[in-house]
Amino acid sequence: MTKSFKKIITSRENAGLLWILPAFALMCVFCLYPVISAFTHSFTDWSGGLTASFVGFKNYGVLFKDNLFWLSLMNVTILTVVGMVIGNAASLFLAELMFNLKSKAAGAYRFLFVLPAMVPSIVVLLLWQKLILSGSSAGVMNTVLRAFGLKSTEWFASKNTFVVFVSIFLYGFPWMGGTSFLIYLAGLNGIDQSIIEASKLDKLGTFRRVFLIDMPMIMGQIKYFLVMGFIGGLQNYTMQYAITNGGPGKVIGDMQSGTMVPGYYIYQLICGTQKEGVGSYGYACAMGMIMFVIIMAITVVNNKVVKSNED
């Protein structure tokens, strides 16, 4: 071993780089390479084989004329925005209740609200489909509707797209608990108690304190959930894969359009339906790149807006 090489690996800075090198190499192989591969293949006519022919911007040209893609983009925007508003509002509400709860049982309540997060999501999803929002007359929600003199409905299996959307929004009711509630509660507990005491001395009501003190003080947590909510929501297709299959609604090509989202569209292109006139893998890569640009733009805008509000 030469002296120069020994000096390089024994210096404190370079030793740190050597420690993170394995993790960086794994990230390059499993995270960065797929992104680069998707970008390059988005300009090709590729059907998943070893060869792909370069077609330039043909996939993007077809994509911008694809009515199903734009409809799926509208669907996922509605699902993401409504889901984020409902989920964050419910988690914030629960965190505020726990923050203001002066009881020895507060620890037990926190545990009980986090407990549902330990159940696999697919199990919860199937419970809602088969039991709570079941289309049968024995379903929990249909039983409640009949108790109030209302008609039963098919919920997830309905042919009415609006009813299916309502079913998706109702999923997870009352939308509380899990790690998001804990993170918001941790942020509230991190507020200096002198600020809370000062608000009481100024006779600031609880409702005004939440909007004037609590929410500005936990803006970091809110920003985190906004960014991650948009990223996760725009990529998510669990409900479509497990229950709706993109339906109901008009069939475009070989796929239903009622609840179609881009993530499920990409999945179908790779694992099922072929896109006429283009290689389905290359076309799916082009769609993934468009989604990447949209998510990146939303993240950057969100960061700038939140940062300007903090300043």
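Read-outs throughout are calculated quantities, based only on the coordinates presented, and are distinct from any laboratory measurement. As the structure is a computational prediction, the values presented were derived from the model and not from experiment. Here Cβ is always computed from backbone atoms with ideal geometry, including for glycine, and neighbour counts include all displayed protein chains.
List of remarks:
- Along the axis of the charge dipole computed for the chain (Cβ charges of +1 for Lys and Arg, -1 for Asp and Glu, origin at the Cα centre), the listed residues A286, T77, G249 are led at the positive end by T77.
- Counting charges near Y184 (Lys, Arg +1; Asp, Glu -1) among other residues having Cβ under 10 Å from its Cβ returns a value of -2.
- Residues K250, K102 in ascending order of nearby Cβ atoms (within 10 Å, fewest first): K102, K250.
- The value of relative contact order for the stretch 58-311, using C-alpha pairs under 8 Å at least six residues apart, is 26 percent.
- Between the labelled values (i) 31, 55, 14, 0; (ii) 24, 47, 26, 3, 0; (iii) 32, 57, 11, the entry that holds P(r) over Cα pairs in 20 Å bins from 0, in percent as derived from this structure is (ii).
- Sorting 186-194, 220-228, 286-294 by average packing, meaning the other beta carbons within 10 Å per residue, from highest down gives 286-294, 220-228, 186-194.
- Kyte-Doolittle at least 1.0, axis length at least 20 Å by Cα - qualifying DSSP helices, the chain: 67-99
- Value of D in µm² per second that Stokes-Einstein yields for the stretch 1-160, Kirkwood Rh from Cα pairs, at 4 °C (1.567 mPa s): 56
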